[in-house]
Each structure stands twice: as structure tokens, then as C-alpha cells.
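Enquirer: Dumping the structure here so I can ask a few things about it.
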Amino acid sequence: MRNVHKRFGSQVVLDNISITIEPGKTTAVVGPSGVGKSVLLKLIMGIMTPDSGDIWIGDDKITAAHSESQKNAIRQQLGVLFQSAALFDSLTIYDNIAFPLLERLRLSSIRAHKKVLAIAESLSLTEYLQNYPEQVSIGIRKRVGMARALITEPKVLLVDEPNTGLDPLDGQEVYDLINACKNQWGFTGLVISHELPEVFQVSERVAMILQGKIIAEGTPSEMIASADPAVQQFLNGRTDGPIKIQ
């Protein structure tokens, strides 16, 4: 992202933000609720358009794509694990995983079937394939969301608030899942989160957004050692400090 600016009316959400996600590495973008983390994700996906600035995914500039077909061609490089896994309740787990293969890539049912079985085995989902999302735990639903995100073999995985609404054990399972999948598939990762320091365990780099700007960026160790009072307030969950609680 280079000099990306986004506002809604008089509210500036992202103020000339620049950030590079290194290939093969995972970067966590963190900050309090309402600072524009999800907006940043939607800009990368091409769901929203910045007011100014450029966004590249690999060598492709998604901000230069003017049609949905052009954006969709670039989006082939992306996989997304949404907050709640965003599964289709009316589809079985098998059909949820197969969906992007059949609808986006237009694979034959035979080829899709082989890929679904392979990734289900890798993520220990084989026994659940004929269940519906409501019939399995939230931890399994996250695994299904991961399978669906990775089945198209994306270069980049976007993860939106990975452990929102989960208890500590389920939340840790999701972080373990991200690390295990990264080791197996070797994707470049971007994780949006407000959970510190838990998200550090899946991140080589961290960038913190506040008031539309990246106020701190570095390794998890550098963030922990940061002298920035806003970083320390957010890291330690204090109510007193430069971050005002809305």
C-alpha cells in the first residue's frame, strides 16, 4: 500500500498509509476498534476503493482495475478467513469448501472433489464433510473457513480478527491452525486483530494504526519494547493514556 487515503464524509479513516507485507511473512495490523483495520482489508480486496493511493498484490495494482472481472483476476491470489468463518448455513461442510472451486475457478466436480478430500484430510475435517456448520463446534467452523480460503492455493491469506468471540482455548487453536497452515502452504499473511499480545505468535511484523496513521511498526519484540505511550497503553489494556475510549 502506498499513500492510501480513505474518508467517509468528514471522517478520515486512513490517512496516507503506506505498508509493505513481505512475501512469505505474516504481518499483523493492530489497533483499537474503529480505527479502520477492516476498511484496510476491504481496500486490499477491492471491495472498497481508496480516495487516493495505490495497492499492489504482487505485481498487480488492484487500484488500477476498473471492472469486476479485472478485480476478480487479481483476487485469485487472495484467500480470506473471515471473523465468523462466514460459512453458508444451508450448505454442508463439503459444499462450503468446494464452493470457490466450482463458482470461482469453474473446476469440474471430479477435480473439485479430489481437492476437497485432500485439504479435508490435511485439516482433519474428513469426518465432518457431510455435516452442516450448525452441527459442529466454532473451532471446526474456523477450520472449514481456513480450508475454503486455502483450497484455491492463494499466494496471500487475509485473516480478519481470528479469535473474535472465542474462548481462550478455541482462540489458541485458531492461532495454532494459522501457524500450521503457514508451515504447510507457505503463504504471505495479513492478520487484522485487536488482540495483543496473542496475535504476535503468528506474526513476524506488526503495524499499529491509530487516528488514521501507522504510529508504530516492527517485530513483535520491538513493539513490546516500544516507548510509544499509545502502544504501551494498547498492549497492556490500560484505560489511561493517549488512546481515548469511545
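The values are calculated or read from the model by the stated rules, or taken from the named source; none is laboratory data. Everything quoted here is computed from the prediction, not taken from an experiment. Neighbour counts are summed over all protein chains in view; Cβ atoms, including those assigned to glycine, are modelled from backbone coordinates with ideal geometry.
Enquirer: For residues that are surrounded by fewer than 23 Cβ atoms within 10 Å (Cβ to Cβ) and touching a strand residue (DSSP E or B) at 6+ places or on another chain (Cβ under 8 Å), tally how many sit in segment 14-35.
Expert: 13
Enquirer: Which of the residues belonging to segment 96-111 are of a type in the set (Lys, Arg) and exposed (fewer than 10 other Cβ atoms within 10 Å of the Cβ)?
Expert: Arg106
Enquirer: Take the residues of segment 3-13 that are crowded, with 17+ Cβ neighbours inside 10 Å and in contact with a Leu (Cβ under 7 Å, 6 or more places away or on another chain): which is nearest to Glu153 (Cα to Cα)?
Expert: Per the stated criteria, the residue is Val4.
Enquirer: If we scan segment 181-190, do we find a residue that is of a type in the set (D, E, K, R), within 27 Å of Arg104 (Cβ to Cβ) and not assigned by TED's automatic domain parsing to the domain that holds Lys115?
Expert: Yes.
Enquirer: May I pose another question? Just one of the numbered conditions (1) more than 21 Å from Lys213 (Cα to Cα); (2) at pLDDT 95 or above; (3) in contact with an Asp or Glu (Cβ under 7 Å, 6 or more places away or on another chain) is not true of Thr63; which one?
Expert: So Thr63 meets the others, but not (1).
Enquirer: If I filter segment 70-90 for residues that are more than 21 Å from the chain's Cα centre (by Cα), in a helix (DSSP H, G or I) and within 25 Å of Lys42 (Cα to Cα), do I get at least one hit?
Expert: The answer is yes; a qualifying residue exists.
Enquirer: Write out, first by first residue and then by second, each pair whose Cβ atoms fall under 9 Å of each other, whose residues are 6+ apart or on separate chains, and whose first residue, in segment 28-40, is among the polar types (S, T, N, Q) while the second is buried (at least 19 other Cβ atoms within 10 Å of the Cβ).
Expert: So the pair list comes out as Ser38/Asp160; Ser38/Glu161; Ser38/Ile192.
Enquirer: I'm trying to understand the selection: among the residues of segment 152-210, which are out of contact with any Ser or Thr (no Cβ under 8 Å at 6 or more places or on another chain) and among the small types (Gly, Ala, Ser)?
Expert: Passing the criteria: Gly171, Ala180, Gly186, Ser193.
Enquirer: If I go through segment 103-156 residue by residue, how many of them are closer than 22 Å to Asn72 by Cβ and part of a loop (DSSP other than H, G, I, E, B)?
Expert: 10
Enquirer: Could I ask something else about it? Suppose the filter is in contact (Cβ under 8 Å) with a residue 12 or more places away in the chain and assigned by TED's automatic domain parsing to the domain that holds Val35; does Leu196 pass it?
Expert: Judged against the criteria, Leu196 is a match.
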